[in-house]
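Written below as structure tokens is the structure these notes are about.
The values are calculated or read from the model by the stated rules, or taken from the named source; none is laboratory data. All figures in this text were calculated on a predicted structure; none of them were measured in a lab. Cβ coordinates were reconstructed from backbone atoms using ideal geometry, including for glycine residues, and neighbour counts include every protein chain displayed. The accessibility values were calculated without ligands, DNA or RNA, using every heavy atom of the protein model including side chains. Shrake-Rupley method; radii C 1.70, N 1.55, O 1.52, S 1.80 Å.
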Amino acid sequence: MSAVLNNANLDVASLPHGGDLARWQRQEGDQASTWLDLSSACNREPWPIPDFPKALWMALPDQAALMQSAQSYYGVRPTVIASGSQQIIEALPILKREQLTSECNPSNRVFVPRIGYQEHAFAWQKWGFELAYYDDLRELLDQSWTAAVLVNPNNPTGEWTDSELALNVLAHAKKQQAWFVVDEAFIDVQPEFSLLNRLGEHIDEQIEGQHGFDALFVLRSVGKFFGLAGARVGFAFCHPDWQQSLNNLMGPWPVASASLHLVDLALQDTAWQLAAKDSLEARQRYFSEKVLPKFHTIFDSQDYTLHPLFVTWRLSDQGYAEQVFAMLHEVGVHTRLGDGWIRVAMPAMSEIETLDALLIRLLKGAGGRDLA
């Protein structure tokens, strides 16, 4: 193993995530059993699961049908199908580590967003890479690195990165034989901004030009827009040169037959997809009218970003954020607490009235006096 990389550190605590209501219920007991769970930014009106053949539980997985549906849905054939995009996030540092070892490349620095999906930083750090953080993607254009991660739109901030800037960073990655990893887990509501639109023009070519798509890895997931986080299905799109290595890291059957079948149906269900986008737009309007002002008061902040699937408030005082997070628990609302921010999933239409009543209760009760 090359001396530029530290030894892997796998004996580290896992990171907290949204969608962890069961853990809180074990910790808090019965009082948490009826909480409104807005901690995970997955669609609260998910794709409806139909009845499906029980024989799928007895058959080894075959990815062929889903590969075809994914190619139609994304416009590009996936390089690999994985157990959620998380499995790909875990695999890329291992693949890059082996590449650096064979090439004796002296660089092992990886840039990740200072605020963003933390599993990216966690995965690279576990495998001995040196982490560096950026606040603005432009900072990477005059830096040297072996890999860089963009989450677009950002989770949890909801902020977008311009595609032309992303392409400039990709060109910079190509020049230094680095990788540019773009996590588009939340982009399905506005897929026209996906880099897959550019990748599709070049995926089968040996690129030697300005942008270098052989340095690009795009990750997609069905957990967010489709609300199918439990299916554990994700896709990686990259140059064909990496297909064999990634498939070897994924193993022969990374996704269960039932999940492959259901996601195949979901990607083909264009009627539901159009209706879901309309629903999210209507829910966002109603949420903004009904409960957004109350959250502004509770959080004592209007520094927020509104995404179709979630809203994130940036708070200047972490202690206050923790206090408000706990107060919301007192009235039965579970959100996602981060370092200086709180994220709230976009509720289902049927949940907005319930949420509104709970926030009124907080503002009028003891919690409201504490906030004042």
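Computed from the Cβ-Cβ distance with R0 of 35 Å, the FRET efficiency linking Q68 to A348 stands at 0.65.
Pairs of lysines in the chain whose Cα atoms sit within less than 24 Å of one another amount to 8, provided the residues are eight or more positions apart or on different chains. Note on the chain: dipole from Cβ charges, positive end direction compared against I115, L56, W145; the farthest Cα belongs to L56. Working from Cα pairs under 8 Å separated by at least six residues, relative contact order for the chain is 23 percent. Evaluated at q = 0.17, 0.19 Å⁻¹, the base-10 log of the normalised Debye intensity for the range 270-372, with identical point scatterers placed on the Cα atoms, takes the values -0.75, -0.92. Of all DSSP beta bridges confined to the chain, the antiparallel ones make up roughly 50%. The shape of the range 226-335 can be summarised by an equivalent ellipsoid whose semi-axes, obtained from the alpha carbon gyration tensor, come to 37, 20, 14 Å from longest to shortest. Here the chain is assigned +1 on the Cβ of each Lys and Arg and -1 on the Cβ of each Asp and Glu. Its dipole about the Cα centre then comes out at about 480 debye.
Springs join every pair of Cα atoms under 10 Å in this Gaussian network model of the chain, and among V110, V149, V324 the largest mean-square fluctuation is at V324. Dipole magnitude for the range 222-372: computed about the Cα centre from +1 point charges on Lys and Arg Cβ and -1 point charges on Asp and Glu Cβ, it is near 160 debye. By accessible area, using a 1.4 Å probe on protein heavy atoms only, the chain has 49% of its surface on carbon and sulfur. Here the label points at Y320 and E98, each 7 Å from Cα along the C-beta direction, are separated by 5.0 nm in the simple model.
By the gyration tensor of its Cα atoms, with a ≥ b ≥ c the square roots of the eigenvalues, what is the shape of the range 114-177: rounded for a/c under 1.5, prolate for a/b over b/c, or oblate?
Values: a/c = 2.03, a/b = 1.04, b/c = 1.95.
Since a/c reaches 1.5 but b/c is at least a/b, the shape of the range 114-177 is classed as oblate.
Hydrodynamic analysis of the range 34-119 uses the Kirkwood radius over alpha carbon pairs. Inserted into Stokes-Einstein at 4 °C and 1.567 mPa s, it gives a translational diffusion coefficient of 73 µm²/s. Largest GNM mean-square fluctuation across W24, W313, W341, computed for the chain with C-alpha springs under 10 Å, falls on W24. Just the Cα atoms of the chain, one point each, no solvent: what log10 I(q)/I(0) does Debye give at q = 0.09, 0.12 Å⁻¹? Log10 I(q)/I(0), no solvent term: -0.55, -0.97. Once you reduce the range 24-40 and the range 46-63 to the center of their Cα atoms, the two points are 30 Å from each other.
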